[in-house]
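> Pasting a structure here, questions to come.
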Amino acid sequence: MKIDRRSFLGLGLGAAAGVALSPVGVKLTDDSSIWTQNWPWTPVPEDGKITYDRSVCSLCPGACGISVKKINGRPVKIEGLDDYPINNGGACPHGISGLQYLYDPARIKTPLKKNGNKFEKISWDEAISLVAQKLGEIRKSGTPESLGLITGADSGSMAQLFERFMDAFGSPNTYNMPSLESNLALTAAALHGADRNLGFDLDHSDFILSFGAAIIEGWGSPVACIQANASRRERKAKLVQVDYRLSNTANAADKIIAVKPGTEADLALGICAVLLAKNLIAGDVNTSAFAAMLAKEYTPEKVEAITGVKAADMEALAMEFIKAKAPVAVPGKGRGDVGQSLREFAAVQALNALADRLNKKGGVFVMYPADYLSFSENVMDDAAKQGASKAKLAGSVNELVDKLEKDGGLSALFIYNANPCYALNNPEKVKVAMDKVGFKVSFSSFMDETALRSDVVLPASIFLERLEDVVSGGGLAKTVVGLCRPMVKPIFDTKHPGDALILLAQAMGDSIAQSFSWNSYDACLEQVTGKIWDTLSGDGYVVIDDKPPVGTPATDFTFLASAPKAAVPMGEGDYTLVPVDKMRLAVGSMISSPFAVKIISDKVLSGKYSVVEINPATAGILKDGDIAVLKTAMGKALVKIGFNEGIMPGVIGMPRGLGHAFNNPYVAGKGVNVNDLIGPVIEPGSGLDAAFGIKATLSKA
Amino acid sequence: MSELENKANDGPEDGAHHGTDNGPKDDKGLGLGVIFFMGAFLVCFLSGWLLFPKLLYSKKEQPFNFDHKLHAEETGDCETCHFFREDGTFSGIPGLQACMECHTDEPMGESEDEAVFVEEYVAKGKEVPWLIYAKQPDCVFFSHAAHTVAGGMDCKTCHGHIGESSSSRPYEENRITGYSRDIWGKNIWGIKKNSWDRMKMDDCAECHLEKMGHKGYCFQCHK
C-alpha cells in the first residue's frame, strides 16, 4: 500500500466535505462578519449617563428652544424643547443637525493672521494686540469713522455690544445684512415710526394672504410658522398664496394667485384700491394723497395688466380678505431677506393698515423692540464723539458695497455674523469692495467666503459653546428672550465674540477700555440683563410680550404716495431668473450642515449641478435633465434643467444656498450660488437691493 | 505541465514504476484515497459538530448563583425587579439599590451565594457585574416599552423561562465576536424550536413581519 497523490486528494476532499457538512462554515461566516464590525479602531459612541440640557438655537432668527441630549457630558443629539413658547417641541433639519457645526471641517480652530495669500496661526494675545495696534493707528490718524462693521445680528446684547464698541471707537458705520427682521423694521419705520418691529399673528389669523412668503419653507421663525400652518385645518383658517411658482407653501395653500414675479406690490395696492373704492377701509388714516394715487394708478384693469391677475379675481380676493374675521397680509417672498423692496413690504403692510388689522388678534402687531438690556452709559472721548456724529458712509450694506467699490472710504472693517461675499447679490463686486478696505477683522466661526478675505480672524465659539441672550425675531407676534447656554466647552481655541471684543477694547485702553470694564462677556450679560436675569437663567427664557399691543398706531402713507418705482430685472433674455428658497438650504451667514445638504432632493441639486425649474411650455429645445448654460448680465453657469409645470412660463427658479466655495467637502462645491448670477438693483429711498430676479437666457451646453 | 505531458515524458525512462499495466495499482490508490477521504471527512465532520462549539465559546460563571424562582416567589411578581423607570427606560438587571430594598447588610438565609453577595458587593457598595445572557450589541436600539407595553408582548417570548430557574447557567461568550451565545442560540446550526431560542436580526424581522406585516426599516433599530 502506497500513499500517493490520490491519498492526499482524498484527504483534502474528505476534510473539505466534512467541514462543509458541519456547522463550521455557516457559523464562522456569520461570526467573522460580526468580528469585522468590531475591530478596535472602529469608532463606537461612548456609553454612559444620559442627561438633557436646555438651550436656545441661534443658527437662524427663529430662536427655537432646544434640548441637548448628552452622554457622559458629551452632546449627542439636539431635539426641540417641549413647551418652549416659540417652537413648542418642534425642530427644523438645521437645528437637529446643529452638532455637526461643532466639528465642521471649515471651523476656524485658532486665531489667524493673513500673511501674503495664506493664513498663519497666532495666539489670542498676538491677535488682540495686532488688531488693537491697527485700530489704535486709525484713531491716532483722527479718522475713527473709517472703521466699519457689517453684522447680521440686529438684536440682543451682542448687537448692542458691537454697537457700543463702534460708538466708543467713534464710528457711525454699522451696517446690517438684509434680513426679514431688518426689512420689517424698515417697513415699520416708513409707515409707523422708527424703532419698531412687525409681528404677524399667524396662530390666530383665519385668513392668511401671503405675498410669496415661504411660510413652511423657512420664512420668519420657521418652526413656529410651520406649526401655525399645521394648525390651520383645526382653526378653519385659510391660506391664500400669491406666487409665481408652486412652492411647498403654495401647495399647502387653499388657493394660489399666480402673479408675474416682482408685481406682488401692485397686487397688494390693487387690493387696497378695491377696498378704498368700495369704502371698506378703516378709520381716519391719512390717505388723501395715497388714496388719490390708488384710485388713479391701481384700477383693477391696470393692476390686471401689470400683475396678470384677472380684475374679477382680484376683486373677489379683496372681498374675501376684508370679510374674514381675522385676516392678515404677509410680505416678504421666499425667506423675505435678500432681493426685497420696501415698496412691496410697505404695500402689503398698507393693506393690513387699511383693513384695520394693526394690533389686532390674528393681525399684525406693531411692536416696540424688547427693552430688557440696560447698559451703563458709554464712555466716549472727544474723538469718539466727533467720529460717531459724522454721517454714515452709506445708507445700507448694498450702498456701502457700491461706495467701497468705487472709491473706498473705510480703513478697517469688522465682520460679525455675516457672509456678504456669499449672501449679497453679485458677490464678486462685494469681494472687490472688501479688497478696498485695508484691514478686515472677521469674528467668524467658519472659514467662509468672507472670512477667507479677512486679514485677522478672531474665531468665535459657536452657539453650543457660548452663553448669549437670543431674542425672537422673524416676524413673530411675540417677543421672547431665550438664553443660549454653553452645552460643551469650546472644542477649539475659540472665544466668545463678546469676550474677544472686551479683550480688544481693554487692549485699546483709555475711554474704550472704560466702556468695556467687564471681566468677561458672561459677567456683562448678567449685569446688562439684570432686570430679567433671574428668570432668564432659571427658566431659560422670558416672554416679554405675547399680547396685541394696545391702541392702533398711526400709518403714514407718504412713502407709498410718492409712487416708488418697482424694480426692473436687469439685463436681457427670454427668461426671468428668480432665486428659490428651500427649507433644507440655509441662506445668509448660516451655512447648511452636511446633514442638510444630504437631504436635499435631486430636483434641487443633482450631482454637482443646481437644478433650475422651468415650465416645459417655455423650455424650447431643452429637455428635462439637460445640462444647460444659464447666462445673465452678471455671469453664466452650467445648470441642470428640471421641468416643473408648477412654475410660471417664462420664469426659471434656481435654488438659493448652494455653490459655496470654501473648505468643506460636504457643503462646498455643490451647485451654483444664484447670487453670482444676479446683480443688485438698489431701491431709491430704502437702500434695499430689490433685485427679485434677473433676465436670463438658457442654451444647451 | 499537464498530467498527460508528465506521463508522456516520464513513460520511457520510468517504465518500471508506472509500466503499462497499471490498472490494479490505480484501484489500490483509489481505495486508499477513499479511506483517506472517509477518515478526513469523519474527523472534520465530527470536529465541526462536537469540538468546534466547545472551542468557539468560552464559559464564564456568574459572580454568584441567582435563584429566579425563589425571588419570584418572595416578591410575588417580576416587576419588583424588572420595572420601567420614570423616563421609560427598562431596568433589565436591577442595580444594587433595587436589591437593597429587600436585602440588608445581614445575609438573608445561609446559602453561600448570599454570603458572597453580602460580603463582596453589599459591604463594598459595589454593583454586581452580572453577565447578561440576552445582551444585544451596541449597534442595536431596543425598547422594552415598545414591545411589552405598547405591543403587549410577554417577557417569555424573548427571554423564555428564565424566571422559573433556580440556578444561573454559565455564561458562554463567542471568542470571535464577544457576543453572548444566546444571540445565535444554543443550537450550533442556529436552528430554533422556541421563539426565545435565538435573537439575531432575522428573528426580530420574522416576528415583525408576522405581527406588523413588515420586517421593519434599518433605522428603527440601527440608529
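> Apply the Karplus parameterisation 6.51 cos²θ - 1.76 cosθ + 1.60, with θ equal to phi minus 60°, to every residue of region A:523-528 and state each ³J(HN,Hα) to the nearest whole Hz, in sequence, with x for glycine and proline.
Along region A:523-528, the couplings run 5, 4, 4, 4, 5, 6 Hz.
> Students often check this: by mean Cβ neighbours within 10 Å, which of A:137-150, A:613-626 ranks highest, and how do the rest follow?
A:137-150, A:613-626
> Provide the net charge surrounding residue A:72, with neighbours chosen by a C-beta distance below 12 Å and charges set as Lys +1, Arg +1, Asp -1, Glu -1.
With Lys, Arg at +1 and Asp, Glu at -1, the net is +2.
> Mind ordering A:651-658, A:329-336 by average Cβ neighbours within 10 Å, highest first? Provide the component values of the computation, followed by the final result.
Working: A:651-658: 26.9, A:329-336: 28.6.
Ranked by mean Cβ neighbours within 10 Å, highest first: A:329-336, A:651-658.
> Within 10 Å of each Cβ of B:169-179, how many other protein chain Cβ atoms are there on average? Provide the component values of the computation, followed by the final result.
Working: counts 0, 0, 0, 0, 0, 5, 2, 8, 9, 4, 3.
Mean shielding by partner chains, rounded to a whole number: 3.
> Oh, and also: Grab the Cα-Cα distance for residue B:187 and residue B:154, subtract it from 0.36 nm times how many residues apart they are, and report the gain in nm with one decimal.
Working: separation 33, 0.36 × 33 = 11.88 nm, distance 2.32 nm.
Value of the extension gain: 9.6 nm.
> Among A:202-214, A:670-682, A:344-356, how do they line up by average Cβ neighbours within 10 Å per residue, starting with the highest? Display every interim value, and only then the final one.
Working: A:202-214: 25.4, A:670-682: 23.6, A:344-356: 27.1.
Those peptides, ordered most packed to least, come out A:344-356, A:202-214, A:670-682.
> I've got another one for you. Rounded to the nearest 500 deg cm²/dmol, what is the calculated helix-only ellipticity per residue at 222 nm for chain A, with -39500 (n - 2.57) per DSSP H run of length n ≥ 4?
Values: 25 runs with 231 residues, N = 701.
Calculated from helices alone, the mean residue ellipticity at 222 nm is -9500 deg cm²/dmol.
> Please list, or write none, the lysines whose alpha carbon is within less than 22 Å of the alpha carbon of residue A:598, excluding same-chain residues fewer than 8 places away.
A:77, A:582, A:608, A:640, A:670, B:223
> For region A:579-593, take each phi angle, set θ = phi - 60°, evaluate the Karplus expression 6.51 cos²θ - 1.76 cosθ + 1.60, and give the result in whole Hz per residue in order, putting x for glycine and proline.
Ordered by residue, 3J(HN,Hα) equals x, 10, 7, 10, 4, 7, 10, 6, 10, x, 6, 7, 10, 4, 7 Hz.
> Give the average, rounded to an integer, of partner chain Cβ atoms located within 10 angstrom of each Cβ in B:102-115. Kindly include the intermediate steps, with their values, before the conclusion.
On the way: counts 0, 0, 0, 0, 0, 0, 0, 0, 0, 0, 0, 0, 0, 0.
The shielding value for this peptide is 0.
> What spacing in nm lies between the two simple spin-label points modelled at residue B:34 and residue B:115, each 7 Å away from Cα in the Cβ direction?
Here the modelled spin labels are 6.4 nm apart.
> Assuming a ≥ b ≥ c are the square roots of the Cα gyration tensor eigenvalues, decide whether region A:181-367 counts as rounded (a/c under 1.5), prolate (otherwise, with a/b larger than b/c) or oblate. Mind showing how you got there, number by number?
Details: a/c = 1.38, a/b = 1.19, b/c = 1.16.
Rounded, because the longest to shortest axis ratio a/c is under 1.5.
> Which value results when the Cα radius of gyration for chain A is divided by 2.2 N^0.38 Å? Kindly include the intermediate steps, with their values, before the conclusion.
Numbers: Rg = 28.5 Å, N = 701, 2.2 N^0.38 = 26.5 Å.
Taking the Cα Rg and dividing by 2.2 N^0.38 Å, one obtains 1.07.
> Give the lysines whose C-alpha is closer than 19 Å to that of residue A:390, dropping any in the same chain fewer than 8 places away, or say none.
List returned: A:140, A:403.
> What is the Cα centroid distance between region A:353-407 and region A:193-259, reported in whole angstrom?
Each part's Cα centre sits 27 Å from the other's.
> Still on this structure, I have one more. If one computes the Cα centroid of region A:144-171 and of region A:283-340, what distance in Å separates the two points?
Going from one Cα centre to the other spans 38 Å.
> Further question on the same structure: Skipping prolines and chain starts, which residues have an amide H placed within reach, meaning under 5 Å, of the one on residue A:544, given they are 5 or more residues away or on another chain?
Amide H to amide H, under 5 Å and 5 or more residues apart or across chains, residue A:544 pairs with A:479, A:480, A:481.
> Of A:256, A:226, A:281, whose Cα points farthest to the positive end of the dipole of region A:202-289 (charges on the beta-carbon: +1 Lys, Arg; -1 Asp, Glu; origin at the Cα centre)?
Looking along the dipole axis, the top candidate is A:256.
> Further question on the same structure: Counting only residues 5 or more places away or on other chains, whose amide H sits under 5 Å from the amide H of residue A:577 once H atoms are built in the peptide plane?
Here A:652, A:694, A:695, A:696 satisfy the definition.
> In the protein assembly as shown, with Lys and Arg counted as +1 and Asp and Glu as -1 at Cβ, which of these residues, B:194, B:95, A:527, has the Cα nearest the positive end of the dipole, that is, farthest along it?
Positive-most Cα among the choices belongs to A:527.
> On average, how many beta carbons from a partner chain sit within 10 Å of the beta carbon of a residue in B:42-53?
Working: counts 2, 5, 10, 9, 2, 5, 11, 5, 1, 2, 6, 3.
Across B:42-53, the average partner-chain Cβ count within 10 Å equals 5.
> Among the DSSP beta bridges whose two residues both lie in chain A, what percent are antiparallel, rounded to the nearest 5?
Values: 51 of 92 bridges.
Expressed as a percentage, antiparallel bridges in chain A total about 55.
> Evaluate the distance, in nm, between pseudo-label points positioned 7 Å from the Cα of residue B:85 and of residue A:645 along their respective Cα→Cβ axes.
With each label placed 7 Å out from Cα toward Cβ, I get 5.5 nm.
> Determine the distance separating the Cα centre of region A:596-674 from the Cα centre of region B:119-159; give it in Å without decimals.
52 Å
> Then there's this: For region A:1-152, rounded, prolate or oblate, judged on the Cα gyration tensor with a ≥ b ≥ c (square roots of eigenvalues), a/c < 1.5 rounded, else prolate if a/b > b/c? Show your work: numbers first, answer last.
Values: a/c = 5.12, a/b = 2.19, b/c = 2.33.
Note, shape of region A:1-152 comes out oblate.
> Next question, about the same structure. Please label the shape of region A:568-700 as rounded, prolate or oblate, based on the square roots a ≥ b ≥ c of the eigenvalues of the alpha-carbon gyration tensor (a/c under 1.5 means rounded; beyond that, a/b larger than b/c means prolate, else oblate).
Since a/c reaches 1.5 but b/c is at least a/b, the shape of region A:568-700 is classed as oblate.
> While we're here: Spelling out what I want: for every residue of region A:326-340, take phi, set θ = phi - 60°, compute 6.51 cos²θ - 1.76 cosθ + 1.60 (Karplus), and round to whole Hz; glycine and proline get x.
9, x, 8, 9, 10, x, x, 5, x, 8, x, 10, 8, x, 10
> Considering lysine pairs in region A:181-367 that are 8 or more places apart or on different chains, how many have Cα atoms under 16 Å apart?
Step by step, the pairs that qualify in region A:181-367 add up to 19.
> Tell me, what is the FRET efficiency for residue A:386 and residue A:129 to the nearest 0.05, using R0 = 35 angstrom and their Cβ-Cβ distance as r?
0.85
> Something else about it: Charges only on Cβ, +1 for Lys and Arg, -1 for Asp and Glu: so what's the dipole of region A:69-205 about the Cα centre, in debye to the nearest 20?
Details: 15 positive and 16 negative charges, 183 e Å.
Roughly 880 debye for region A:69-205.
> Another question, if that's okay. Taking a cut-off of 15 Å between Cα atoms, list the aspartates and glutamates near residue A:547, but don't count ones fewer than 8 places away on the same chain.
Here the aspartates and glutamates satisfying the reach criterion relative to residue A:547 are A:201, A:203.
> May I ask you to derive the FRET efficiency for residue A:299 and residue A:376 from their Cβ-Cβ distance with R0 = 60 Å, giving the value to the nearest 0.05? Let's see the in-between values first.
Values: r = 57 Å, r/R0 = 0.95.
Once the sixth-power term is evaluated, E becomes 0.60.
> With only Lys, Arg, Asp and Glu charged, each at its Cβ (+1 for the first two, -1 for the last two), find how big the charge dipole of region A:181-367 is about the Cα centre; round to the nearest 20 debye. Each step should come with its number before you reach the end.
On the way: 21 positive and 21 negative charges, 71 e Å.
The dipole of region A:181-367 has a size of about 340 debye.
We did not get these values from a lab; they are worked out from the coordinates using the rules stated. If you're wondering where the values come from, they're calculated on a predicted model, not measured in any experiment. Ideal geometry is used to build each Cβ from the backbone, glycine not excepted, and the neighbour counts take in all protein chains shown.
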